[in-house]
Amino acid sequence: MTGSRDLADADAFLRRRLAAAFVSGERSPSDSDGPRPGRCLAGGALLALLLAAVVAMSIAATGHPAVTWTHGAVRLFW
């Protein structure tokens with residue numbers, strides 16, 4: 001059974017651990033260059049290709065292109 005002394009010791013340990021985390025900063029190695037932008041660019045390109053493929057399949061399945069400005073279905077403020 002835990003007593004008040006054990007709870008006080010655990011609370012003090014957690015406070016020391018939190019203070020040490022704020023003081024010491026990041027634990028990553030100092031030789032790392034940080035995040036690389038290549039993954040973001042590759043992910044964005046993949047997402048754009050996926051969207052283009054979905055639109056192409058939609059056009060192929062329905063037999064007509066999506067609604068455009070000339071059809072009058074898309075209206076802004078009028």
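Throughout, read-outs are computed from the coordinates displayed, never taken from laboratory work. Bear in mind the structure is a predicted one, so any value in this text is a computation, not a measurement. Every residue, glycine among them, receives a Cβ derived from its backbone with ideal geometry; neighbour counts consider all protein chains shown.
Annotation: the residues SER58, SER4, sorted from fewest to most other C-beta atoms within 10 Å of their own C-beta, follow the order SER4, SER58. Once you place label points 7 Å from the Cα toward the Cβ at LEU49 and THR62, how far apart are they in nm? The modelled label-to-label distance comes out at 2.6 nm.
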